[in-house]
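Undergrad: Can you keep this structure in mind? I'll have questions shortly.
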Amino acid sequence: MHRSAISRLRALKGCAGNLGTTRYATSTAVASRPSSPGFFSWLTGEQASSFPPLEVPLAGVAFPPSLPDYVKPGKVESKVLENGLMIVSEASSNPAASVGLYLDCGSVYETPISCGATHLLERMAFKSTRNRSHLRIVREVEAIGGNVAASASREQMGYTFDALKTYAPEMIELLIDCVRNPVFLDWEVNDELKKMKVEIAELSKNPEGLLLEAIHSAGFLGPLANPLLAPESSLDRLNGDILEEFVSKHYTAPRMVLAASGVEFEELISVAEPLLSDLPRVPRTDEPKSLYVGGDYRKQAASQLAHVALAFEASGGWHKEKDAIMLTVLQMLLGGGGSFSAGGPGKGMHSRLYLRVLSKYPELQSFSAFNSIFNKTGLFGIYASCGPNFVHKAVDLAVAELIAVATPGQVTQEQLNRAKESTKSAVLFNLESRVLSLSLSLSRPLCLLCLGPLGHCTSLYPLNTSVLMIVAEDIGRQFLTYGERKPVEHFLKVVDEITLDDITSIGCSLIRSPLTMASYGDVLNVPSYESVSSRFERRGK
């Protein structure tokens, strides 16, 4: 027993000795290895490393092929079905795809009975259909990692669905089912009406959005004066029957475009045509006519600020393409923004309104140009917010800036060139990042160009909005407006051709139209409509 214990002790000593030897040998190896350069050596450029310099290619390492400088855009293919419905697709190497159904239908088609229907239809998008419950729709979208959204504007509506392109057939079928076969269940409609009441109540916290609505109602007679958001008085009247009648009347084949990005045209046709070809062919309804007359809107509200907007008609709308693009460049030239902006020239701090107004008058909270263009007409103006004691001066400044751009020699070639380059670079940067296609994006109110929102989006997954969805929307809206998709080079060429005389001419045509004013908040010190309008009338003669 003692011998056994002694032998174990000797074994342990042997292990300890070997361990010590190994540890010593390792330390020796470390000590004999050349030391790597420290941070200071790297910082001073001291060459103490045996590694090859970065400019020397590594032996035996194959590099992947470099990306091309130019990627040819996919070909846009289209087909008009016998019932008048258009199907359009642009192929893409992107693994994702987006499909959208766009309609020539918006708040301009509402009647006093159906007022607010498009707003409610936007919120009822992707709810229960004759074939699916709302829960099943949500489950199917989630199962393929998809994203759905709906938007409503004054002249157009859109429903979009994007996911991986391998699920294109499922996307197309579900999208068409949701647009063609809604059932408008009472409990779903009532639930959305309650949410709309909250949304409308929150509008008072967004004076700029409220004034944009007020400008339309004050400036136009006819359909364009219809509110984009449902008025509170209509919420007790709207129901599923009104929505069903509105859809059956306006969701017709000649007023629809099915647009896809990232889906092969043959695949799109094979899936969509059987689902859409049975829609009846009916004569396309003429767009209701609106008349711009100008006017004044004022609302006193409990606010520490006064908000005011001055606007004029941009006649011709997108059917006068060059004039509409000139207005976009003019808006970039005027620019503006908030009184505090963190950033450099990319934030608009080079624009006329920033340099000539915001940087000189700290009393202003915001001062910016806005633009709202439709098919045959539009609005262009300046929005300002400030304390009530400064609002009279703010209106004077807005009048002076609008008159200045209509006066020869007041805009320099340098300012125009900067505005043109800003317009083009904003568009091309976004095309490069696939956030947006140009074309009608210039007409859509976008943050990029300070034009406002594309529409009020309703998404099941707002944090995963697809960039391809915007491309499909661009295709669909262009085909609704022009019957084709014009290439980006066409629009850039128009921008390049704009001259100082063009800016003066479009400025003069604006201020010759009747003035529209809208004010909200503490409006007691806002100048009278007549006094402001007379200043433009004298200049326009």
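Undergrad: Can you compute the modelled spin-label distance between LEU500 and LYS486, with each label point 7 Å from Cα toward Cβ, in nm?
TA: 2.7
Undergrad: Full extension from LEU58 to ASN239: what is 0.36 nm times the residue separation minus their Cα-Cα distance, to one decimal in nm?
TA: Stretched out fully, the LEU58 to ASN239 stretch lengthens by 58.1 nm.
Undergrad: Sorted by average packing, counted as other Cβ atoms within 10 angstrom per residue and highest first, what order do 150-161, 275-286 take? Intermediate results must be reported in sequence, preceding the final value.
TA: Numbers: 150-161: 25.0, 275-286: 12.3.
With the highest mean Cβ count within 10 Å placed first, the list reads 150-161, 275-286.
Undergrad: What percentages, rounded to whole numbers, describe P(r) for region 281-427 computed over all alpha carbon pairs with 5 Å bin width beginning at zero?
TA: It works out to 2, 9, 16, 19, 19, 15, 10, 6, 3, 2, 1, 0, in whole percents.
Undergrad: Given Cα positions, please report Rg to Rh for region 255-323, the hydrodynamic radius being the Kirkwood one.
TA: 1.22
Undergrad: With label points built 7 Å along Cα→Cβ from the Cα atoms of SER359 and VAL293, find their separation and express it in nm.
TA: For the pair SER359/VAL293, the computed spacing is 4.3 nm.
Undergrad: So what's the convex hull volume per residue for the Cα atoms of region 218-288, in Å³?
TA: 164
Undergrad: With a probe of 1.4 Å, find how much accessible area region 211-259 has per residue, and write the answer as a whole number in Å².
TA: Here the residues of region 211-259 average 36 Å² of exposed surface.
Undergrad: Suppose the chain between ALA404 and ASN181 were pulled fully straight at 0.36 nm per residue; how much longer would it get relative to their current alpha carbon spacing?
TA: Length difference between fully extended and current span is 74.9 nm.
Undergrad: Next question, about the same structure. Roughly speaking, what is the stretch gain from LYS205 to GLU537, that is 0.36 nm per residue apart minus the C-alpha to C-alpha distance, in nm to one decimal?
TA: Here the segment from LYS205 to GLU537 would lengthen by 116.1 nm.
Undergrad: May I have the pair-distance distribution P(r) for region 46-191, computed from all Cα-Cα distances with 10 Å bins from 0 and rounded to whole percent?
TA: Taking all Cα pairs of region 46-191, the binned fractions are 9, 28, 26, 13, 8, 7, 6, 2, 0 percent.
Undergrad: Hey, quick one: spin label on GLU77, modelled 7 Å out along Cα-Cβ, who in region 99-117 has an amide N within reach, i.e. under 18 Å?
TA: 99-100
Undergrad: By accessible area of protein heavy atoms, probe 1.4 Å, what ranking do SER248, SER528, SER422 get, highest first?
TA: I get SER248, SER528, SER422, largest accessible area first.
The values are calculated or read from the model by the stated rules, or taken from the named source; none is laboratory data. Predicted model only: the values in this text are computed from it and were never measured. Every residue, glycine as well, gets a Cβ built from its backbone with ideal geometry; the counts of neighbours run over all protein chains shown. These accessible areas exclude ligands, DNA and RNA; they are computed on the full protein's heavy atoms, side chains included. Shrake-Rupley method; radii C 1.70, N 1.55, O 1.52, S 1.80 Å.
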